[in-house]
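*Asks:* What follows is a structure written as structure tokens; I'll ask about it next.
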Amino acid sequence: MGRLAEWSEHNGDSGNLSRGYPQVQIWDPDNPSVQKYGAAKGSVAPLWNDYEENPGKWPLVKADNPGRPVEHLHIKMVGKQVWVWFNGKLTVEGSVLDNYWHLKDKAPIIDQGPIELQTHGSEIRFRNIYVRELDEDGKPVK
């Protein structure tokens, strides 16, 4: 599955769930209430609810736009692997999305499920959301 979206928020803490599993994190890196969770590393694209040792837990680069205008997010999920581009920069590269609901027993994620947008009470605005089904090789299904 491939997804594109534009979004805007200020002092937020939000996310994008894949197949019902949390989450590609979206937060304001300058928001004091989320600093203790690592927000200063970048506002989007860590697989926040993954195991600490998972390389997707934190973004490869901080790709935030100064002044927080509209941000651009591209998520690609093939099988259990996730790639994320934030403002045109690769921030997660082929990392496995862990099953947050079964972290203790390390159960795999399901093959299909909903795409969800969420927030922890802050205002967030999404626009220009596009979803495309991909085959097992990551190619668009026609």
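*Asks:* Go through segment 25-70 and count every residue that is closer than 26 Å to residue 106 by Cα and of a type in the set (Asp, Glu).
*Replies:* Number satisfying all stated conditions: 3.
*Asks:* Would you point out which residue out of 88, 42 is small (Gly, Ala, Ser) and either touching a Gly at 6+ places or on another chain (Cβ under 7 Å) or over 18 Å from residue 124 (Cβ atoms) (or both)?
*Replies:* 88
*Asks:* Here's a follow-up. So, of the residues in segment 52-70 that are touching an Asp or Glu at 6+ places or on another chain (Cβ under 7 Å), within 14 Å of residue 92 (Cα to Cα) and not basic (Lys, Arg), which turns out to be surrounded by the fewest Cβ atoms within 10 Å (Cβ to Cβ)?
*Replies:* 54
*Asks:* Can you name every residue in segment 81-93 that is in contact (Cβ under 8 Å) with a residue 24 or more places away in the chain, surrounded by fewer than 17 Cβ atoms within 10 Å (Cβ to Cβ) and within 21 Å of residue 54 (Cα to Cα)?
*Replies:* 89, 90, 93 - these are the residues of segment 81-93 that are in contact (Cβ under 8 Å) with a residue 24 or more places away in the chain, surrounded by fewer than 17 Cβ atoms within 10 Å (Cβ to Cβ) and within 21 Å of residue 54 (Cα to Cα).
*Asks:* Continuing with the same structure: Please find, within segment 113-127, the residue that is surrounded by the fewest Cβ atoms within 10 Å (Cβ to Cβ) out of those that are out of contact with any Phe, Trp or Tyr (no Cβ under 7 Å at 6 or more places or on another chain) and closer than 24 Å to residue 81 by Cα. Reasoning before the result, please.
*Replies:* Our first condition is that a residue be out of contact with any Phe, Trp or Tyr (no Cβ under 7 Å at 6 or more places or on another chain); within segment 113-127, this holds for 113-116, 118-123, 127.
Adding the requirement that they be closer than 24 Å to residue 81 by Cα leaves 113-116, 118-119.
On the way: 113: 13, 114: 9, 115: 16, 116: 14, 118: 13, 119: 14.
That would be 114.
*Asks:* Within segment 34-49, identify whether any single residue is among the polar types (S, T, N, Q), farther than 17 Å from residue 16 by Cβ and free of Cβ contacts under 8 Å to residues at least 40 places away in the same chain, and answer yes or no.
*Replies:* yes
*Asks:* I need the full set of residues from segment 12-60 which are among the hydrophobic types (A, V, I, L, M, F, W, C) and not in a loop (DSSP other than H, G, I, E, B), in order please.
*Replies:* 17, 24, 26, 27, 34, 39, 40, 44, 45, 47
*Asks:* Right, something else. Residue 104 is checked against (1) without any contact (Cβ under 8 Å) to a residue 12 or more places away in the chain; (2) buried (at least 18 other Cβ atoms within 10 Å of the Cβ) and fails just one. What number does that condition carry?
*Replies:* Of (1) without any contact (Cβ under 8 Å) to a residue 12 or more places away in the chain; (2) buried (at least 18 other Cβ atoms within 10 Å of the Cβ), only one is false for residue 104: (2).
*Asks:* Would you mind telling me which numbered condition in (1) in contact with a Lys or Arg (Cβ under 8 Å, 6 or more places away or on another chain); (2) modelled with pLDDT of 80 or more; (3) farther than 17 Å from residue 122 by Cβ residue 48 fails?
*Replies:* Going through the list (1) in contact with a Lys or Arg (Cβ under 8 Å, 6 or more places away or on another chain); (2) modelled with pLDDT of 80 or more; (3) farther than 17 Å from residue 122 by Cβ, residue 48 breaks only (3).
The values are calculated or read from the model by the stated rules, or taken from the named source; none is laboratory data. The structure presented is a predicted model; accordingly, all values stated were derived computationally and were not measured. Virtual Cβ from ideal backbone geometry, glycine too; neighbours counted across all protein chains shown.
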